[in-house]
Amino acid sequence: MNVETIAPTPAALAAGRDLQMLWISLLKRPWTTLAVLPTEPSASARDLMGALAEIAHYHEAARQVEIIDVGGLPPGDGIRQAQTLGARVNAGKRVVLLVDPITTSLQGLPLVNEAQAVLLVLRYGSAIEAARSTAELVGRDRILGAVALPPRG
């Protein structure tokens, strides 16, 4: 099982102001669990999650924010991990999960379904169909926003 806390990277912290604005906009709607969900494998959100970890800890000093990478879950672990979310929230934590794209692996779907909100991550120039199908699977009403990563180059 690949469950780890993500630390911020220097490259991710360089984008500071935009990411602070992203975090503040995410807090406009109430949630205690947020799934950060790439729409396809090329839209890796690890660097984004590292920066969000730093920003979340700065803006949420009074509340513990746990940022967890649950990518690469083996079969059945998504359900087990989803069952632990309630205990974390009951302990007063805000939980942000980095999940594998559900267009390529459904192992993280139980976690996405358990999360109160979703932030989509896509890449400029990528297939819009992956974003549409992801939005349909998670429910458009639960999506708080989207982050577009620069094209690979």
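Would you check which residues across the range 101-129 are part of a helix (DSSP H, G or I), within 24 Å of SER25 (Cβ to Cβ) and at pLDDT 85 or above and list them?
From the range 101-129, those part of a helix (DSSP H, G or I) are 109-114, 128-129; that's our starting set.
Narrowing the set further to residues that are within 24 Å of SER25 (Cβ to Cβ) leaves 111-114, 128.
Of everything in the range 101-129, those that are part of a helix (DSSP H, G or I), within 24 Å of SER25 (Cβ to Cβ) and at pLDDT 85 or above turn out to be LEU111, VAL112, ASN113, GLU114.
Could you pull out the residue among THR134, THR104 that is crowded, with 20+ Cβ neighbours inside 10 Å and more than 28 Å from ARG63 (Cβ to Cβ)?
Among THR134, THR104, only THR134 is crowded, with 20+ Cβ neighbours inside 10 Å and more than 28 Å from ARG63 (Cβ to Cβ).
Hey, can you tell me all the residues within the range 24-44 that are part of a loop (DSSP other than H, G, I, E, B), surrounded by fewer than 22 Cβ atoms within 10 Å (Cβ to Cβ) and not basic (Lys, Arg)? First the steps, then the outcome.
Taking the range 24-44 as the starting set, the residues that turn out to be part of a loop (DSSP other than H, G, I, E, B) are 27-32, 39-44.
Now drop any that are not surrounded by fewer than 22 Cβ atoms within 10 Å (Cβ to Cβ), which leaves 27-32, 40-42, 44.
Listed by number, the residues that qualify are LEU27, PRO30, TRP31, THR32, GLU40, PRO41, SER42, SER44.
Restricting the search to the range 65-77, which residues are among the hydrophobic types (A, V, I, L, M, F, W, C) and part of a loop (DSSP other than H, G, I, E, B)?
Initial filter on the range 65-77 (among the hydrophobic types (A, V, I, L, M, F, W, C)): 65, 67-68, 70, 73.
Correct list: VAL70, LEU73.
Restricting the range 45-64 to residues that are in a loop (DSSP other than H, G, I, E, B) and at pLDDT 75 or above, which is farthest from ALA91 (Cα to Cα)? Full working, then the answer.
Just the residues of the range 45-64 that are in a loop (DSSP other than H, G, I, E, B), to begin with: 45, 60-64.
Going one step further and asking which of them are at pLDDT 75 or above, we end up with 45, 64.
On the way: ALA45: 26, GLN64: 9 Å.
Result: ALA45.
Being surrounded by fewer than 21 Cβ atoms within 10 Å (Cβ to Cβ) and within 13 Å of the chain's Cα centre (by Cα) is true for just one of ILE128, ILE143. Which residue is that?
On the way: ILE128 fails: within 13 Å of the chain's Cα centre (by Cα).
None of the other options fit; the residue is ILE143.
Residues of the range 89-100 being assigned to a loop (DSSP other than H, G, I, E, B) and under 10 Å from VAL36 (Cα atoms), which ones? Please lay out each step first, then the result.
Taking the range 89-100 first, the residues assigned to a loop (DSSP other than H, G, I, E, B) are 91-93, 99-100.
Residues satisfying the conditions are VAL99, ASP100.
If I ask for residues that are of a type in the set (A, V, I, L, M, F, W, C) and within 15 Å of the chain's Cα centre (by Cα), which ones from the range 131-140 would you list? I'd like the intermediate steps shown before the answer.
So in the range 131-140, the residues of a type in the set (A, V, I, L, M, F, W, C) come out as 131, 135, 137-138.
Residues satisfying the conditions are ALA131, ALA135, VAL138.
Going through the range 130-153 one residue at a time, which ones are part of a helix (DSSP H, G or I), in contact (Cβ under 8 Å) with a residue 12 or more places away in the chain and either more than 15 Å from LEU26 (Cβ to Cβ) or in contact with a Leu (Cβ under 7 Å, 6 or more places away or on another chain) (or both)? It would help to see each step written out before you state the result.
Let us first name the residues in the range 130-153 that are part of a helix (DSSP H, G or I), namely 130-138, 140-142.
Remaining after also requiring in contact (Cβ under 8 Å) with a residue 12 or more places away in the chain: 130-131, 133-135, 137-138, 142.
Result: ALA130, ALA131, SER133, THR134, ALA135, LEU137, VAL138.
The values are calculated or read from the model by the stated rules, or taken from the named source; none is laboratory data. These numbers were taken from a predicted model, which means no experiment stands behind them. All Cβ positions, even for glycine, are placed from backbone atoms using ideal geometry, and neighbour counts span all protein chains on display.
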